[in-house]
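Presented below is the structure to which this report refers.
Nothing in this text is a laboratory measurement; each read-out follows from the coordinates by a stated rule. Worth saying up front: this structure is predicted, and the values here are computed from it rather than measured. Here Cβ is always computed from backbone atoms with ideal geometry, including for glycine, and neighbour counts include all displayed protein chains.
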Amino acid sequence: MAANNTVSRVPDPDFKLAASLFDTLDKKTRDGAGITRASYGAGEQFAHDLMTDTARKSGLDVSHDAAGNLYLTLKGHDPKTGTFLIASHL
């Protein structure tokens, strides 16, 4: 890997934050036997709002596309380099 492509600003995992997010989602979206976040419903909106707030507090850029997908972006040092994308579901 060339020196100019080296990732140098990767944050360490915040396991306490992750546990807190999962606990909060569990408390707010549990419906008895499991967790339900129906598309475009209150549970999904809660998850989007929680992640948006957490991302902004963490210094990430937040955006949405026309379908309502949420994008959280950690900017790199050089905007000319490519993008590394990781996706998941709320």
(request) Report the residue, chosen from ALA18, ALA67, ALA47, that carries the largest GNM mean-square fluctuation when the chain is represented by alpha-carbon nodes joined by springs under 10 Å. (result) ALA67
(request) Quickly estimate the mean residue ellipticity at 222 nm for the chain, helices only: each DSSP H run with n ≥ 4 gives -39500 (n - 2.57), and the total goes over all residues, rounded to 500. (result) -11500 deg cm²/dmol
(request) Extending each Cα 7 Å along its Cβ direction at LEU85 and ARG56, get the distance between those two points in nm, one decimal. (result) 2.5
(message) I want the local charge near ALA38. Using Cβ-Cβ distances under 13 Å, sum +1 for each Lys or Arg and -1 for each Asp or Glu among the other residues.
(response) -1
(request) Only one of the values [x] 49; [y] 35; [z] 22 was calculated from this structure for percent of Cα pairs over 23 Å apart; name its label. (result) [y]
(request) Relative to the longest principal axis of the C-alpha atoms of the chain, give the angle of the C-alpha long axis of helix 42-57, reported between 0 and 90° and rounded to the nearest 10°. (result) 30
(request) Rounded to the nearest 0.05, what FRET efficiency do ASP65 and ASP26 give with R0 = 35 Å and r taken as the Cβ-Cβ distance? Could you check? (result) 0.80
(message) Counting only other residues whose beta carbon sits under 14 Å from that of SER63, what net charge do I get with K and R as +1, D and E as -1?
(response) 0
(request) May I ask you to derive the relative contact order of segment 26-90, considering only C-alpha pairs under 8 Å and at least 6 residues apart, and to give it as an integer percent? (result) 20
